[in-house]
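Let me begin by presenting the structure, written as structure tokens, before commenting on it.
Each value in this text was obtained by applying a stated rule to the coordinates, not by laboratory testing. Values in this document were obtained by computation on a predicted structure and should not be read as measured data. For neighbour counting, all protein chains shown are included, and Cβ atoms are generated from backbone atoms with ideal geometry for every residue, glycine included.
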Amino acid sequence: EDANKEVSALFGNSDIASYPKPTTLIKYLVPFAEENKDSLVMDYFAGSGTTAHAVMQLNAEDGGKRKYICVQIPEETPEDSEARKAGYNTICEIGKERIRRAGKKIKEAEENKDKDIDTGFRVLRIDSSNMEDIYFEPIELSQDDLFKQVDSVKEGRTELDLLFGCMVDWGVELSKPLRTEEIAGKQLHIVNEGSLVACFNKDINLEVIQHIAQMNPQRV
């Protein structure tokens, strides 16, 4: 009943999510599993995003720096459900929207107006490698396969796809700060002010290379 009230307060409809957990329960349980207020909380069945909501609320209440990871397969909502009528085609979409709305509500609360509360989050999807499978034995190679050697990146992959693929390969935390910078018409992706600097443009010139060198990044 408490959880339904929370969902209703955010979405204006308690039927958007079926049998959600109450944030009060999660807020009660989390402190039992931590020594400090900076733990990483993982929920492998994220559903409507109760855990994310609870962690943000708990941080706002006690000044903690907890993070969360919420995992959810993109299970489709029933066609005749209130969620589908509201435009949420998967459970993941409900969770993302709840985190946005809950974060906004927490930051706008009167008791939190003078607090520096981080309610930002990133949405990542599991996918295959960004790179084409170009490893062939010579005997297996045909002329048609040669066209696959021209560009090793799969079609439809964006620069952010490539960047996060690099972050995974290098072991750079996916929650690190990220910004972009344009130098000589080329786009630089700068992760954590130098943990990783990436440029996926073609024809990179000396000006770009020298600028990256001056930043003295750990990885390029």
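Calculate for the chain the 222 nm mean residue ellipticity that helices alone would give, adding -39,500 (n - 2.57) per DSSP H run of length 4 or more and normalising by residue count, nearest 500 deg cm²/dmol.
On the way: 7 runs with 74 residues, N = 220.
That comes out to -10000 deg cm²/dmol.
Calculated on the alpha-carbon coordinates, the convex hull of the range 42-94 measures out at 71 cubic angstrom per residue. Dipole check for the range 113-220: with +1 at the C-beta of Lys and Arg, -1 at the C-beta of Asp and Glu, and the Cα centre as origin, the magnitude is about 520 Debye. Farthest toward the positive end of the dipole of the chain, out of L178, G103, L160, is the Cα of G103, where the dipole comes from beta carbon charges about the Cα centre. Taking trypsin sites (Lys or Arg not before Pro) that fall in a DSSP loop and have at most 11 other Cβ atoms within 10 Å as cut points, what is the longest piece of the chain between them? Free of exposed loop sites, the longest segment is 126-201.
Counting only alpha carbon atoms, the long axis of helix 2-11 and the longest principal axis of the chain meet at about 60°.
Give, rounded to the nearest 20 debye, the magnitude of the charge dipole that the range 57-96 has about its Cα centre when Lys and Arg contribute +1 at Cβ and Asp and Glu contribute -1 at Cβ. Each step should come with its number before you reach the end.
Numbers: 6 positive and 8 negative charges, 69 e Å.
Value, rounded to 20: 320 debye.
Scattering from the range 63-117 was approximated by placing one identical point on each alpha carbon and applying the Debye formula without solvent; log10 I(q)/I(0) at 0.14 1/Å stands at -0.53.
Kirkwood Rh, the range 1-72, all Cα pairs: how many Å?
The answer is 12.5 Å.
Can you say what percent of the DSSP beta bridges in the chain, counting only those with both residues inside, are antiparallel? Round to 5. List each step's numbers first, then the result.
Numbers: 11 of 15 bridges.
So the antiparallel bridges in the chain amount to around 75 percent.
Values of log10 I(q)/I(0) for the range 81-220 across q = 0.11, 0.13, 0.18 Å⁻¹ run -0.67, -0.85, -1.13, by the Debye formula with one identical scatterer at each alpha carbon and no solvent. Helix 206-215 axis versus longest C-alpha principal axis of the chain: approximately 50°, rounded to the nearest ten. Helix 159-170 and the longest principal axis of the C-alpha atoms of the chain enclose an angle of approximately 90°.
When the dipole is taken about the Cα centre of the range 27-67, and only Lys, Arg (+1) and Asp, Glu (-1) are charged at their Cβ, what size is it in debye, to the nearest 20?
My answer is approximately 100 debye.
Measuring how big the range 1-125 is from its alpha-carbon positions, Rg and Dmax come out at 14.3, 45 Å. If you take the Cα centroid of the range 154-219 and the Cα centroid of the range 36-67, the two points sit 30 Å apart.
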